[in-house]
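Structure record follows, encoded as structure tokens.
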Amino acid sequence: MSSLAFQDVVVRYDRHVAVQPFTDSVRPGEWLCLIGPNGAGKSSVLRAVAGLVGHEGTITVDGAPLAVRSPRRRAALVAYVPQSPLIPADMTGFDYVLLGRNPYIGYFGSESRHDRALVQDVLERLDLVRFADRRLGTLSGGEQQRLVIARAVAQEAPVLLLDEPTSALDIGHQQQALELVDRLRREHGLTVVSAMHDLTLAGVYADRLTLLHQGSVVAAGAAAEVLRAETLSEFYGVSVSVHHDPDGTVVVVPRRTAPLA
Amino acid sequence: MTAHADHRPRHRWWLLAALALLVGAAVLGAMVGPAGSISSTNWHIIWKIRLPRVVLAAIVGSMLSLAGASYQGVFRNPLVDPYLLGSAAGAGLGATLVFAYARSATLHWPVDPLPLAAFVGALVAVLVTYSVGVSFGGNSLTLVLAGVAVAALCTAVQQMVLLRNADVIDEVYSWISGRLSTATWADVRLVTPYVLVSSVILLLHRRQLDVLRVGDEEAASLGAEVKRVRLVVVIAATLGTAAVVSVSGLIGFVGIMVPHVVRLVFSASYRWVLPMSIVVGATFLILADVPGRVLEHGRETPIGVVTAFLGAPMFIVVLRSKRRLT
């Protein structure tokens, strides 16, 4: 299990500052969910951890800065599931998940027997064996998404980053994908940081929510503390009602602004 | 044991079958020609004229196919051929300059400056493309756009030169259409070192090309060094392409079609696309070089014309049959 810490992390695109100094510490095995309107900087935080965009300040895994790691070493520590993965239509499911082993293979090397056995094991545990020989282009969006998560699992990184993992899925597959992540987190002690738009789901699965607005943290804490009607109204410009179920679930429901006829 | 494990031996059988086909093509290529088939009297013809031609066809066909497949991989674009970054236009310009200004002056030189000029022209064009592309970000789109600009510039200069030297238009045009008819063992010796180095480097990158199939960003998140892979593959593919262009002129269509045929009937994984492209490309160009010799008596049909003439319908048939299967 690994911890992930941000110290004054700033992300810029040319002159535009996407993330203002961001400081947080994610405990080993914790699930932190970043929420906030479009352009709030959620994806930029994740991309900075994955090394896809430069940043100021330091991001550390188990106390060691990521920026000094080689790309392969970094990929062995942090797995990243992008918002819209590029799916090679004529690649088989097995070969796709096998790409997750790249951090452990030398530049000119090829996959070992161990890598193939591990991928086979991941496919079995995630109930994806039947897609091993299928071409990705013949699979549904939900099936593809589960293979993307499987690829991240095959990466065996202690930190898992998910950028809108459910935005392309129907409600059933959303639940399936998030249950899968939650199960993996418990079984492997993964530290998870996700960006999500569905506030109810974010509250259900994450231990802690951080609300970003224009690159700054404006609210943070448990779902019940962050998901409040007035807070959401202020930063999303939305009119919602928030219900608290007896089991502690916080349900966010949009309301019509025009009166019903 | 598992479902995925069983198609690797099958792939090996395919590769062996393709190799057998290549040997058959080479034998056919050695036997057919205006002087008739093998007999003791024309062994000389076979050794001096037909065999170097068959070997050179194999080298050029395999190199163009391998370079085309590699370019398609690093640019993640199926419409790409090895001439993409301006190597064809650069080689064409280099050759045109020799035809227009240096033919009579270099008539008595011990080495023909034509291949050298084409080789240097191709390398310089790609070098310019690469430095321009990298200065605007270095992703695949800026590189391709820079390639388009450099190719347009080279072609414009070439046309200006041709307009002032209309007497060499025929020679330049024939060079651009590609030819293997003048192949000698000297040509084979000239290109072999470049083609070997280029092919080894490209084959060593076949797994990296599979990683790049998920896009620059995801490949980077998997620990791949995308820019380094792209740079090394482009340099190696350009070196090999420039070498074969210098001896055979511009033979089109092979570099784009062969990798596609391999992908469609065989496997889309680069660890198989690259070696199979070598074998299929060699076979295809040996075979394509045969009809040109006997089609019109006394005059050869340029190989570039034959490759497109045979290749295009063949490509359509493969596309059609594949669509029915899926």
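Where a number appears in this text, it was derived from the coordinates with a stated rule and is not lab data. This one's a predicted model, so the numbers in the text were calculated from it and none came from an experiment. Note that each Cβ is placed from the backbone with ideal geometry, even for glycine, and that neighbours are counted across all protein chains shown.
Just checking the listed ones, B:R12, B:R207, B:R263: in the Gaussian network model of chain B with Cα springs under 10 Å, the one fluctuating most is B:R12. Here's the picture: charge each Lys and Arg Cβ at +1 and each Asp and Glu Cβ at -1 in the protein assembly as shown, and of A:Y13, B:G94, A:G39 the one pushed furthest to the positive end of that dipole is B:G94. The base-10 log of I(q)/I(0) for the protein assembly as shown, evaluated at q = 0.12 Å⁻¹, reads -1.13 [Debye formula, identical scatterers on Cα atoms, solvent excluded]. The Rg/Rh ratio for region A:187-251, using Cα coordinates for both the radius of gyration and the Kirkwood hydrodynamic radius, is 0.98. Restricting the calculation to Cα atoms, region A:4-254 yields a radius of gyration followed by a Dmax of 18.3, 57 Å.
Please label the shape of region A:76-147 as rounded, prolate or oblate, based on the square roots a ≥ b ≥ c of the eigenvalues of the alpha-carbon gyration tensor (a/c under 1.5 means rounded; beyond that, a/b larger than b/c means prolate, else oblate).
It is prolate, given that a/c is not under 1.5 and a/b is the larger ratio.
Considering all C-alpha pairs of chain B, those separated by over 29 Å amount to 39%.
Eigen-decomposition of the gyration tensor built on the alpha-carbon atoms of region A:56-100 gives equivalent ellipsoid semi-axes of 28, 12, 8 angstrom, largest listed first.
Each of B:L79, B:L21, B:L202 was scored by other Cβ atoms within 10 Å of its Cβ. Arranged with the fewest first, they read B:L79, B:L21, B:L202. Short-range pairs are left out: with C-alpha atoms under 8 Å and at least six residues apart, the relative contact order of region B:73-181 is 35 percent. For A:T249 and A:T23, the FRET efficiency from 1/(1 + (r/R0)^6), where r spans their Cβ atoms and R0 equals 25 Å, is about 0.30. Averaging the sequence gap over all C-alpha pairs within less than 8 Å and six or more residues apart, then dividing by the number of residues, gives region A:4-254 a relative contact order of 25 percent.
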